[in-house]
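See structure below.
The values are calculated or read from the model by the stated rules, or taken from the named source; none is laboratory data. Every value quoted in this text rests on a predicted model; they were computed, and no experiment measured them. Cβ: placed from backbone, ideal geometry, glycine included. Neighbour counts: every protein chain shown. All accessible areas refer to the heavy atoms of the entire protein, side chains included, with ligands and DNA or RNA removed. Shrake-Rupley method; radii C 1.70, N 1.55, O 1.52, S 1.80 Å.
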Amino acid sequence: MNVLSDPLTLTMAVLALLIVGISKGGMGGGLGVLGVPLMALTMPPAQAAAILLPILCVMDLMALKAFWKRWSWAHLQQLLPAAILGIVIGAFTFTYFRASDVRLLVGLIAVGFALNYWFKPFQRLAMGKPGAKAGLFWGSIAGFTSFVAHAGGPPVNIYLLPQKLDKTVYQATTVLFFTSVNYVKLIPYAALGQFNSTNMGASVLLLPIAVLGIWLGYKLHHRVPEKQFFQVAYVFLFLTGCKLMVDGMQGLGVLG
């Protein structure tokens, strides 16, 4: 079965991959988190995550080459072991999550990410530089949310941004973190049967769209005012998250 045969599903998948690619290309400010929420509007969230993961792995290698050996090992040593723990927790609890549960969770993440961008509550609450315990906590949360919806960016940013790293060091650190996390996720995703022929076929078909998105991100980075781009994108993220939350609560019987 070709999951992309439905026109609406194909449209959402193409839009999601373009946004993920644009984010990876330097114009998204972490908006790659929109990928799963957009695709989850027309397919099960777990399937959306499975289709995206191989594409993200390819894109990560492209980004890793650009920032090779510019990362901060000190911060990665705090984040990565905890992230692996979060992935393990996600893998062992995967079978207990219904599609409605995941839609609600993904919606909450998307809405929370948009609200944090607009109002920055975590930035105001941060007192000095978060220490090792904060790195372990937010790293584990990032591993779990990344496993569920490839949405580890917000927890990582809560820990890394107050560190006030050099821009290149910060970018390189996040690139190596998510490259490592995504490749680790391949193991439980495969063990859980997520890489079936339907999902892998969709991944192959969508990969060129992601590459196009990276190219667009690079071009937009130099030509489009960042403020206006973010204003539109985060409104879109917020509305998508709200729709998924409503769908999730309806599926759970919370809403009629």
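Of the heavy-atom accessible surface of the chain (probe 1.4 angstrom), what whole percent is carbon and sulfur? Here it works out to 69 percent. Just Asp101, Asp60, Asp166 to compare: in a GNM of the chain, with alpha carbon springs under 10 Å, which one fluctuates most? Top of the fluctuation ranking is Asp166. With a Förster radius of 45 Å applied to the C-beta separation of Gln231 and Ile89, the computed FRET efficiency comes to 0.80.
Label separation (Tyr218 vs Val169): 2.7 nm, computed from points 7 Å beyond Cα along the C-beta direction. Per-residue ellipticity at 222 nm, computed for the chain from helices alone with -39500 (n - 2.57) per DSSP H run of at least four residues, works out to -25500 deg cm²/dmol.
Positive contributions from Lys and Arg (+1) and negative ones from Asp and Glu (-1), summed over other residues with Cβ under 15 Å from the Cβ of Phe97, come out at 0.
The residues of the chain expose, per residue, 49 Å² of accessible area to a 1.4 Å probe. Of the DSSP H helices in the chain, those that are both long (alpha-carbon extent of 18 Å or more along the helix axis) and hydrophobic (Kyte-Doolittle mean at least 1.0) are 7-22, 45-66, 73-93, 99-119, 132-149. Each Lys or Arg adds one and each Asp or Glu takes one away; over the other residues whose Cβ falls under 15 Å from the Cβ of Thr168, this sums to +4. Modelled spin-label separation between Lys129 and Arg70, with each label point placed 7 Å from Cα along the Cα-to-Cβ direction: 2.0 nm.
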